[in-house]
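Colleague: One structure follows; several queries about it will come next.
The values are calculated or read from the model by the stated rules, or taken from the named source; none is laboratory data. Keep in mind that what you see is a predicted model, and the values were worked out from it rather than measured. No Cβ is skipped: glycine too gets one built from the backbone with ideal geometry, and neighbour counts run over all protein chains shown.
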Amino acid sequence: GFENRIIPKADSHKPEEPEKLPLITWFNHLSPEATTIQIEVEKQVRQGPPVDHRINPDWRERYEDLIWSLINHREFVWLN
């Protein structure tokens, strides 16, 4: 259960950070590279955050399923 959710530090590693891309601003948004950069940003967003290997995968997946079901419940706004 809950006590065994965290994997010992010796057996785990932090998730890798996604590649940092240049920022697109009002001043450079018309350059051809801006489109390529924004497509890469979209890919990263669609992939979502990397899986955290510091938490037991079975526990993490069950927790994600619980959160998903609560958020997608039609009466979620009424839960306290």
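Colleague: Of the residues that sit in the range 36-62 and are among the aliphatic types (A, V, I, L, M) and at pLDDT below 90, which one is farthest from I7 (Cα to Cα)?
Modeller: Among those residues, the one meeting the criterion is V51.
Colleague: Would you please name the residue that is farthest from H53 (Cα to Cα), looking only at residues in the range 1-35 that are part of a helix (DSSP H, G or I) and modelled with pLDDT of 85 or more?
Modeller: The selected residue is P32.
Colleague: Inside the range 63-80, can you point out the residues that are more than 22 Å from K14 (Cβ to Cβ) and not aliphatic (A, V, I, L, M)?
Modeller: D65, W68, S69, N72, H73, R74, E75, F76, W78, N80
Colleague: Here's another thing I want to ask about it. Which members of the range 1-35 meet the condition of being small (G, A, S) and surrounded by 12 or more Cβ atoms within 10 Å (Cβ to Cβ)?
Modeller: Result: S12, A34.
Colleague: Would you check which residues across the range 36-60 are within 18 Å of H13 (Cα to Cα), under 16 Å from the mean Cα position of the chain (by Cα) and either assigned to a helix (DSSP H, G or I) or hydrophobic (A, V, I, L, M, F, W, C) (or both) and list them?
Modeller: V51, I55, P57, R60
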